[in-house]
Every structure is written in C-alpha cells, then in structure tokens.
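Single-structure report; data block below.
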Amino acid sequence: MSNIEYNVMSEHAAEFIHDGEIRATLQYAIDHKNDKALVEEILAKAEKGGGLTHREAAVLIEVEDKEIEERMYAIARKLKEQIYGNRIVMFAPLYLSNYCVNGCVYCPYHAKNRTIPRRKLTQEEIRREVIALQDMGHKRLALETGEHPTQSPIEYVLESIDTIYSIHHKNGAIRRVNVNIAATTVENYTRLKDAGIGTYILFEETYDREAYEKLHPTGPKSDWAYHTEAMDRAMLGGIDDVGVGALFGLSNYRYDVVGILMHAEHLEARFGVGPHTISVPRIRPADDIDPRDFPNAVTDEVFRRIVAVLRLAVPYTGMIVSTRESQRSRELVLDVGVSQLSGGSKTSVGGYAEGIEDAEESAQFDISDNRTLDQIVGWLLELGYIPSFCTACYREGRTGDRFMSLAKRGLIGNCCAPNALMTLAEYAEDYASPRVKVEALKMIDSLKRVIPSEKIRRITEDNLRAIVEGKRDFRF
Ligand code: SF4
Ligand code: SF4
C-alpha cells in the first residue's frame with residue numbers, strides 16, 4: 001500500500017493525479033451506477049451548470065440505463081447552447097518538425113522509426129505553409145513539433161511563432177497561435193508567453209502512470225511526473241490558458257476521464273483557473289502503428305458518452321475534436337458538447353504548401369475527415385452551426401480567470417455570437433466557394449437580428465457592412 005496521499009493542491013503529480021483516488025472513484029462508480037436517487041441528484045446538479053466532481057462524472061460514465069443516457073445528452077446540448085450558443089471555432093494544426101527523441105509506442109515519430117522521412121520546416125517553408133493556410137481562411141493555428149534538443153529547440157519554436165504572426169497575405173492573418181510542444185521549463189513557458197501564444201496544449205496521453213511508463217519507454221517524455229506537472233510550470237511561467245487531453249484508446253478510458261477531471265480540479269484549486277480546453281483524440285492508424293495493437297479502443301458510442309460527461313463536468317471548458325475523427329463521429333460529438341474543430345488539416349510536415357519534399361509521407365497519423373475547410377464550413381452551416389474564426393478573447397486579454405469569470409456569469413456568449421458572425425462574414429467575402437458564401441450570408445442575416453443587446457447588434461451590423469466594403473478584423 002503506497003503512503004502517498006491524495007492532495008488536490010499538491011505540486012507533485014503523484015498526489016494530485018492520485019492512483020488510489022482514481023481507482024477508488026472507479027469502484028465507487030461501479031457500486032453506485034444503479035443508485036437512481038444519486039444519479040438523479042447528479043443530473044440535477046449538472047443541469048444547473050456548476051459542473052461535477054470527478055466522482056460524480058465517473059458515475060455517469062458507468063450508468064447503463066438508455067433513458068438516463070439520452071437525458072445526459074440533452075443536458076450537455078443545453079449547456080453548450082447556453083454558454084457558447086451554436087458557434088464552432090475552427091483551427092488547423094501546423095507541423096513544424098517530426099524529429100523526435102522520444103519512444104512513444106503509438107506515434108510514428110518515435111525515435112526508432114526508420115521508415116518515416118524526417119522533416120523540419122525552414123522559416124521560408126513556414127512562410128509558404130502559413131500563406132497556404134491563410135488562403136484557406138484559417139486564423140487560428142495549433143503548432144505541433146516532436147521533441148528534439150537540436151532540431152526543434154525552444155529558439156526554433158519562438159522564431160517560427162514570430163514568422164507566423166508576421167505574415168499578412170492578401171486579407172489573411174494568423175491571429176492566434178496555440179502551441180503543442182513537449183513539456184519544458186518554467187523559463188521556457190515564460191518565453192512562449194512573451195512570444196504571444198494563445199493556449200499551451202499538452203496531452204497527458206494516459207493518466208495511468210503504469211500504462212504511461214510502458215507506452216513511453218525512452219526519452220525525456222518517459223518521466224511521468226515531469227510531464228504531468230507541465231501545466232503547473234506553464235502557469236508558473238505566466239501562461240494562463242492551458243489545454244489538456246488524453247489519447248483515448250491507449251489505456252482504460254474510465255481512468256483517463258477521471259484523470260482529466262482531477263487534473264482540471266487541481267489547476268483550479270492551485271491556480272484559480274482550470275484548463276481552457278480539453279482535447280479528446282482517439283488513436284488512429286499511422287506509419288509503423290497498427291491500432292489493433294491497442295486493445296483499449298473506444299467505440300463511437302463510448303466516445304460520445306465521454307464527450308457528454310466532460311461537457312457536464314466542466315461546462316466552461318472548450319472541447320476539441322480533430323480530423324482524426326470521421327464526419328459521422330464528429331457529428332455525434334458536436335451535438336453533445338464539442339466547441340472546436342480542425343478543418344482541412346494536414347498532419348504532415350509541409351503538407352499545406354505545394355511542392356515541399358516528402359511532405360505526404362511524413363504524416364503523424366491518418367486523417368478520417370479529409371474534406372476541405374470550405375466543405376467543412378458548408379457542412380456546419382447545413383447542420384445549423386456557425387463556423388467561427390474568432391480569436392478575440394486572447395487578443396482582448398480575456399484569458400485565464402478573466403475568461404472563466406465571464407463564461408461562468410454567462411456573459412461570454414455576448415462576445416462569441418457577434419464575433420462568430422463577423423469572422424464568418426470575412427470568410428464568406430475572402431475564401432468561401434459561391435455555394436458556401438450564399439449559405440454563410442443567409443446564416444449571418446438570420447442571426448444578426450437575434451443578438452440580444454441592441455447596442456451590440458447595431459455595432460455588429462455596422463461592422464458587417466464594413467466587412468463587405470473591405471475592412472477587416474473587428475471584434476468584441
Ligand atoms: Fe515524439 Fe510526440 Fe510522437 Fe511522442 S507523441 S514520439 S513526443 S512526436
Ligand atoms: Fe472563443 Fe472568446 Fe471568440 Fe467566444 S469570443 S469564440 S470564447 S475567442
């Protein structure tokens with residue numbers, strides 16, 4: 001029996017992601033899944049929008065009753081609608097380099113894979129990639145890079161961020177760069193903050209330490225505690241928007257859902273603000289990787305339940321699904337709480353611009369949703385969502401607890417809706433196909449009339465007219 005105790009405030013990973021507490025929670029969920037009174041109490045609490053504890057969420061993950069499941073989905077849908085409206089924020093990943101010193105067994109970039117071409121973008125190639133992304137209509141990127149002390153040191157990442165922000169091609173601009181790089185030091189997080197990043201994203205992969213250590217046998221990432229404490233260092237370094245996530249399918253999904261929520265509770269307890277986003281990737285086939293080697297695969301139905309329960313547990317946290325997911329499974333989870341989608345993505349190094357050598361073969365994983373950004377925007381409009389290219393919060397200084405306090409008072413929707421309409425109008429003018437433009441303008445026209453505040457509605461309408469005349473970058 002270990003003598004480590006659970007402590008949500010601790011700076012030590014083994015105490016705030018406490019294995020004993022997670023296992024006790026999973027047992028509690030099994031013991032209480034048929035306790036109707038308790039389940040009703042949890043649903044009633046979720047409906048009020050104040051979130052759930054990791055124990056309450058674990059019970060909902062276990063419940064087998066189909067009627068309860070449908071009610072969970074209905075509450076998740078309602079919460080999302082109340083907090084964010086029906087907008088879906090769009091982004092794209094940009095892979096800088098696939099050199100990596102780690103040995104993650106589920107990733108083709110692992111150091112021992114000799115079949116994948118290794119690529120690192122030069123600043124000129126980054127410029128070409130960013131222009132290609134701007135020409136699609138993207139405004140928000142997630143930078144991705146393998147961990148390598150000489151191929152992708154922090155200086156390379158910082159220089160790349162500067163390059164990306166400096167490029168203004170036609171009406172294009174990348175207005176928010178989120179960064180997904182390996183766990184690093186407080187000092188390096190401060191440098192990222194000073195470079196103007198949006199969210200710092202790092203997936204835990206799995207919160208189960210024993211499984212984690214088997215899946216990460218070599219390289220700096222094999223240090224579970226250093227990896228798990230990364231968000232604490234990021235916050236100490238001044239970054240107040242962090243994005244967590246687990247790679248579902250690597251280990252027991254129930255353990256990882258509880259781990260994500262305990263991580264969120266820890267950040268909230270220690271720093272006063274939980275994660276800005278949660279990503280829910282699932283394992284995919286890739287060069288040298290066969291998902292059949294991972295027996296913990298998560299079905300579409302379970303995946304939907306995971307997303308809905310997370311939405312109930314942390315209603316104010318953005319939830320991200322990538323093009324790893326097919327159109328069908330994206331539809332299933334959009335409906336119960338996902339708020340950000342990637343679109344038109346390439347998971348290779350140099351995949352967006354024409355003619356970058358070996359780009360195709362350098363992909364990190366196979367994409368299930370291969371549609372162009374324009375097709376995805378058209379599809380979202382058809383489903384009744386507003387595709388949004390908004391990056392306003394971070395540029396207006398609404399980050400960390402400032403953002404959360406607005407979101408929790410139900411005020412962020414006052415910004416999201418007009419910003420979504422204005423950025424969609426920019427997309428319609430600059431990048432949309434004729435068919436998607438017609439649909440986008442119809443959506444904008446019907447929704448500008450329902451912005452509740454008269455003052456905001458008037459300003460939005462003025463700005464929409466100015467966008468048609470060629471002006472850009474309005475925001476609340
Ligand atoms: Fe490297 Fe990240 Fe792939 Fe691991 S998951 S091998 S750290 S690129
Ligand atoms: Fe996101 Fe803020 Fe824009 Fe709303 S206003 S979509 S929360 S950046």
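Quick rundown of the values:
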| read-out | value |
| --- | --- |
| Label point distance in nm, residue 6-residue 111, each placed 7 Å from Cα along Cα→Cβ | 3.6 nm |
| Peptide ranges 209-215, 230-236 listed from the most packed, as the mean C-beta count within 10 angstrom indicates | 230-236, 209-215 |
| Accessible surface of the range 411-468, 1.4 Å probe, proportion on carbon and sulfur as whole % | 56 percent |
| Helix-only [θ]222 nm of the chain, DSSP H runs n ≥ 4, -39500 (n - 2.57) each, per residue, nearest 500 | -14500 deg cm²/dmol |
| Debye intensity ratio in log₁₀ form over the Cα atoms of the range 117-251, taken at each q of 0.21 Å⁻¹ | -1.27 |
| Net charge of neighbours whose Cβ lies under 12 Å from the Cβ of residue 140, counting Lys and Arg as +1 and Asp and Glu as -1 | +4 |
| Volume per residue that the Cα convex hull of the range 338-476 spans, once the total is divided by residue count, Å³ | 148 Å³ |
| Cα-Cα over 20 Å, subset of 408/455; 214/346; 346/442; 112/221; 48/78 | 408/455; 214/346; 346/442 |
| Carbon + sulfur, % of accessible area of the range 4-106 - ligands and nucleic acids excluded, 1.4 Å | 52 percent |
| Nitroxide proxy distance, nm - points 7 Å out along Cα→Cβ at residue 414 and residue 64 | 4.8 nm |
| Table column - 3J(HN,Hα) (Hz), the range 44-50, Karplus curve with 6.51, -1.76, 1.60, x for Gly and Pro | 5, 5, 4, 5, 6, x, x |
| Within the range 137-194, trypsin sites (Lys or Arg not before Pro) in DSSP loop having at most 14 other beta-carbon neighbours inside 10 Å | 170 |
| Mean Cα-pair separation over length for the chain, i.e. relative contact order, pairs under 8 Å, 6 or more apart, % | 19 percent |
| Kirkwood Rh, Cα atoms: Rg over Rh of the chain | 0.95 |
| Cut-off under 5 Å, modelled amide H: who pairs with residue 94 long-range | 142, 143, 144 |
| Kirkwood Rh (inverse of mean 1/r, distinct Cα pairs), the range 290-359, angstrom | 14.1 Å |
| Estimated distance in nm for a label pair at residue 454 and residue 41, the labels positioned 7 Å out from Cα along Cα-to-Cβ | 4.7 nm |
| Per residue accessible area in Å² of the range 81-370, where ligands, DNA and RNA are left out and the probe is 1.4 Å | 33 Å² |
| Net charge contributed by nearby residues that have their C-beta within less than 12 Å of residue 4 (K/R +1, D/E -1) | -3 |
| Contour excess over end-to-end distance, with Cα ends at residue 81 and residue 186 and 0.36 nm allotted per residue | 34.1 nm |
| Relative contact order (percent, whole number), the range 411-468, Cα cutoff 8 Å, 6+ residue spacing | 46 percent |
| Model label zone, residue 375; criterion: amide N under 16 Å from point 7 Å along Cα-to-beta-carbon; scope the range 430-455 | 433-436 |
| Backbone HN-Hα couplings from phi across the range 226-239 [Karplus 6.51/-1.76/1.60, Hz, Gly and Pro as x] | 4, 5, 6, 8, 4, 5, 5, 5, 4, 5, 5, x, x, 7 |
| Segment residue 23-residue 327, extension gain: residue separation times 0.36 nm, minus the distance between their alpha carbons | 106.0 nm |
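The values are calculated or read from the model by the stated rules, or taken from the named source; none is laboratory data. Just so you know, these numbers come straight off a predicted model, no measurement behind them. Note: ideal-geometry Cβ built from the backbone for every residue, glycine included; neighbour counts use all protein chains shown. What goes into the accessible areas is simple: the full protein's heavy atoms, side chains included, and nothing from ligands, DNA or RNA. Shrake-Rupley method; radii C 1.70, N 1.55, O 1.52, S 1.80 Å.
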